[in-house]
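Below you'll find the structure, written out as structure tokens, and then a few comments.
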Amino acid sequence: MSKQFLFFSALATTLAVFLSCSVLVNPAESVTFTLPEWPPESDADWPPLSGWEIRYRSGKSSGSFTLAPAGGTAQSFILELAGSSPCTVTAQPVTRHGGTDSCFFHAAGCIYPEDNSITWETGFPAAVCMQLYTAAESSAEETADYLADFNWQKLINTLGEKAAAGSICYDPWKLDKDAVCSAIASRKFSAALLSMKNCITVETSRLAAAASKRTETGETAVPLFLPQYIPSYGRQKDSGLAVVKTGAVNSYLYSIEEIAVITCSSDRDMTLEISAVPLYTGKQ
């Protein structure tokens with residue numbers, strides 16, 4: 001057997017192994033993502049949907065686009081993804097409020113490959129992952145390692161457990177998102193960061209009474225008081241309690257075209273003002 005034959009045979013074997021490893025380490029795939037239904041609940045006057053603002057980000061892919069509503073049918077879209085880093089996807093509902101559009105409600109989301117179903121419950125973890133990617137881009141920091149190593153599914157499961165066991169309407173958007181991001185980036189994350197702090201519950205009937213004193217229209221209609229975090233609605237409806245964070249601005253949809261802005265330092269020191277919904281001005 002000639003030396004030339006052995007050389008080319010070895011070269012061919014090496015190339016085959018290299019190409020095979022490249023496919024395994026950096027695969028390209030088409031992934032279908034499904035959006036949550038709108039309206040999210042059938043027993044509330046949710047505003048109509050104008051569309052979805054979609055954002056996605058992974059180690060090698062990123063982008064944003066909008067989707068028009070599909071007339072009440074389940075919607076999905078396909079992304080072409082490559083690389084081993086997690087892909088975070090957020091879906092912001094853009095809703096119609098009279099003659100204006102607004103991004104009042106918190107986004108749904110998912111983190112692939114943990115899941116490809118976009119849910120309201122995973123919106124916060126997806127937003128955390130998105131913020132980490134964005135921060136790393138602005139500082140030229142390498143994120144692939146700690147984002148790929150972090151146990152996103154455990155974070156999602158822990159949030160679900162706290163929602164199921166909590167005595168109040170658990171809302172992850174009332175957590176300190178910057179602290180969660182910093183802990184993940186420094187590999188010092190603790191589940192203690194997922195405990196709701198500085199939050200109180202207020203009877204929705206009390207909020208309705210406070211809101212009626214501040215309106216000048218004389219309306220007697222029952223306020224909607226729809227929360228920004230969609231899953232909070234069910235528990236709020238059943239318990240008659242709304243969660244308010246002290247020292248922060250809390251917003252609830254008061255009517256289709258108005259929000260109730262609540263601030264408080266304690267249960268006894270609370271203010272409520274009625275304001276127009278914030279306008280949607282483009283990419284959020």
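The values are calculated or read from the model by the stated rules, or taken from the named source; none is laboratory data. Just so we're clear, the structure is a prediction, and the values are computed from it rather than from any experiment. Quick reminder, even Gly has a Cβ in these numbers, built from the backbone with ideal geometry, and neighbours come from all protein chains shown. Quick note on the areas: whole protein, heavy atoms, side chains included, nothing else; ligands and nucleic acids left out. Shrake-Rupley method; radii C 1.70, N 1.55, O 1.52, S 1.80 Å.
Remarks
Table: residues versus (1) under 17 Å from Trp120 (Cβ atoms); (2) among the hydroxyl-bearing types (Ser, Thr, Tyr); (3) open to solvent by 20 Å² or more (accessible area, probe 1.4 Å); (4) in a strand (DSSP E or B).
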{"residue": "Pro47", "(1), (2), (3), (4)": "yes, no, no, no"}
{"residue": "Trp52", "(1), (2), (3), (4)": "yes, no, no, yes"}
{"residue": "Lys60", "(1), (2), (3), (4)": "no, no, yes, no"}
{"residue": "Ala70", "(1), (2), (3), (4)": "no, no, yes, no"}
{"residue": "Ala74", "(1), (2), (3), (4)": "yes, no, yes, no"}
{"residue": "Glu80", "(1), (2), (3), (4)": "no, no, yes, yes"}
{"residue": "Ser85", "(1), (2), (3), (4)": "no, yes, yes, no"}
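- For segment 248-263, the criterion of being open to solvent by 30 Å² or more (accessible area, probe 1.4 Å) and either at positive phi or among the basic types (Lys, Arg) (or both) is met by none of the residues.
- Among all positions in segment 163-176, there is at least one residue which is assigned to a loop (DSSP other than H, G, I, E, B) and hydroxyl-bearing (Ser, Thr, Tyr).
- Any hit, segment 184-201, residues being out of contact with any helix residue (DSSP H, G or I) (no Cβ under 9 Å at 6 or more places or on another chain), part of a helix (DSSP H, G or I) and at pLDDT below 90: no
- Scan of segment 107-127 for residues that are among the aliphatic types (A, V, I, L, M) and more than 20 Å from Ala191 (Cα to Cα), ordered by number: Ala107, Ala108, Ile118
- Top-ranked residue in segment 27-45 [being hydrophobic (A, V, I, L, M, F, W, C) and open to solvent by less than 30 Å² (accessible area, probe 1.4 Å); ranked as modelled with the lowest pLDDT]: Ala44
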